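Working notes, beginning with the structure itself.
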2 protein chains.
Amino acid sequence: MATDVQVALDRSSPVPLYHQVATAFEAAIRDGSLPPGTRLDNEIELAKRFSLSRPTMRQALDQLVQAGLVVRRRGIGTQVIEPPVRRPLQLSSLYDDLIEQGSKPTTQLLEFEAVAADTDRAELLGIKEGSPLQHLRRVRSIDGTPLAIMENWVPADVVQLTPEQLKHSGLYDLMRANGVDFRLAHQRMGATVADAEQSALLEVDEGSPLVLMERVARDSNGQAVDGGHHLYRADMYSFEMTLVK
Amino acid sequence: MATDVQVALDRSSPVPLYHQVATAFEAAIRDGSLPPGTRLDNEIELAKRFSLSRPTMRQALDQLVQAGLVVRRRGIGTQVIEPPVRRPLQLSSLYDDLIEQGSKPTTQLLEFEAVAADTDRAELLGIKEGSPLQHLRRVRSIDGTPLAIMENWVPADVVQLTPEQLKHSGLYDLMRANGVDFRLAHQRMGATVADAEQSALLEVDEGSPLVLMERVARDSNGQAVDGGHHLYRADMYSFEMTLVK
DNA sequence: AAGTGGTCTAGACCACGCG
DNA sequence: GCGTGGTCTAGACCACTTC
């Protein structure tokens, strides 16, 4: 089996070796060099080829498993999996597609104000009631078509935002640039229908389906740094994920 | 900081040591023995305490990170984060979810028939057009309240289902019992609104929001073993997940 | 019996955060 | 400077699948 993946390993790079290797394999799988069903060499052979130890090679392969790109079975080997099929009809990840095509999302800032945390917000973010928050409400559009209404609450002590900044950058980019180190997020996805105001903002009929996402993001201290409530047009957005056992 | 987690390690058990340790910590975190903010001992200390090597102890801690239970930072240490009401991403079915919550779901089998794969279905499952499939359509209720309309396509060569079995078990349980080894699933979530038939089945108003989930599950061979198209009442279902790093 | 991945060990050096 | 997690090595034994 030809598993001729080319890797230019840079041992002086800050990027871990296992990640360099995994990235190379991921690229080879995605561009078709390693078509679905391909059986990779065993990990000892691969480790030898890249002059790595077996544990390091394993760490790279584990990353591919986690990404849902290969399956591994003892006694059998490692095989490239069938990629998920994107159906052109119905719901599609138009947002991702447009981003890949080079379209630029634009953001309209509807509201930006300092507020005190009410009971719900305080509980959600794990902070004291009455704590100072920044509340923002935005509409994100792509090529002039509204895609989402995004409402966020950011604790004032995390970062001080300005309306000017928010017009030119995404919230998360902005927060990262200000030293916020996102580590994990809990999110919940559901569905709802557009009311009068929402339908006007998103340019859809009242009663149209919307994807609802609520998210709490935390930094490396475990401190909540953002609470988000987002509504997406269902005809322009769906959330794809790969679950690995 | 008192990190007095008790573990009865069984080295003769088929359960890996790192998993035994991780499970013990997970239990301690979930039951409050290790409240949020608790700082664990460093991994070398922990390894010594459980008589494990450092890599094995690390593997256990990595599992906790992956589950979104702790954060680790070099130079700082390992800290327990907010109480994990959320469950991690995992392969599951609605039936499994409900069982875990202690509820008693019931299933009504609307349709069960042998069909040949049409173009869409063949592409979705990665099989030949015209291949024999089992098509089923069910309504899942909980305590008498309809929760979901579930439509599935299962290749005939994967498992032979019977209507009788489907009334008493979840589809995934049934398939597992027949030797199907689920390994991964690709799924997509979106939103839609109930049409006349759907609203009648789910006992909601026409135009009510529904959570749409499409899923392709694969076994350890990478073969597609189920294609599902599920509609959930938005007022009774949402999907929670934890994203790490 | 041969080959595979899964687990485990006992070290080593490095990058980072802090005092 | 010190302690922390992050990375990497070079082995070992085992469980499982296939022939």
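Contact map, the range A:175-198: residues that are of a type in the set (S, T, N, Q) paired with residues that are assigned to a loop (DSSP other than H, G, I, E, B), Cβ distance under 6 Å, separation 6+ or inter-chain. Pairs shown: A:Asn178/A:Val159. Could you count how many residues in the range A:161-174 are under 26 Å from B:Leu243 (Cβ atoms), assigned to a loop (DSSP other than H, G, I, E, B) and not aliphatic (A, V, I, L, M)? Residues that pass the stated criteria total 2. Looking across the range B:187-226, just one residue is within 8 Å of chain A (Cβ to nearest Cβ), more than 16 Å from the chain's Cα centre (by Cα), farther than 24 Å from A:Arg188 by Cα and not small (Gly, Ala, Ser), and that is B:Asn221. Yes or no: the range A:125-134 includes at least one residue that is crowded, with 19+ Cβ neighbours inside 10 Å and under 22 Å from the mean Cα position of the chain (by Cα). Yes, there is a match, as at least one residue in the range A:125-134 is crowded, with 19+ Cβ neighbours inside 10 Å and under 22 Å from the mean Cα position of the chain (by Cα).
When the residues of the range A:14-65 are filtered to those that are more than 14 Å from chain B (Cβ to nearest Cβ), within 9 Å of DNA strand D (Cβ to nearest atom) and in a loop (DSSP other than H, G, I, E, B), which remaining residue is farthest from the chain's Cα centre (by Cα)? Ranking the candidates gives A:Ser51 first.
If you check A:Leu61, A:Leu89, which single one turns out to be away from DNA strand C (no atom under 16 Å from the Cβ) and either of a type outside the set (Ser, Thr, Tyr) or modelled with pLDDT of 90 or more (or both)?
Within the list A:Leu61, A:Leu89, the selection yields A:Leu89.
Residue pairs, Cβ under 8 Å, 6 or more apart or interchain, first in the range B:63-76 and assigned by TED's automatic domain parsing to the domain that holds B:Ser33, second within 11 Å of DNA strand C (Cβ to nearest atom) and assigned to a loop (DSSP other than H, G, I, E, B). List them. If the second residue must be within 11 Å of DNA strand C (Cβ to nearest atom) and assigned to a loop (DSSP other than H, G, I, E, B), the pairs left are B:Val71/A:Ser220; B:Val71/A:Asn221; B:Arg73/A:Ser220.
Just checking, does the range A:187-206 include any residue being of a type in the set (A, V, I, L, M, F, W, C) and farther than 30 Å from B:Leu210 by Cα?
Kept after step one, since they are of a type in the set (A, V, I, L, M, F, W, C), are these residues of the range A:187-206: A:189, A:191, A:193-194, A:196, A:200-202, A:204.
In the following step, the residues that additionally are farther than 30 Å from B:Leu210 by Cα were identified as none.
No: zero hits.
The values are calculated or read from the model by the stated rules, or taken from the named source; none is laboratory data. The structure presented is a predicted model; accordingly, all values stated were derived computationally and were not measured. Every residue, glycine as well, gets a Cβ built from its backbone with ideal geometry; the counts of neighbours run over all protein chains shown.
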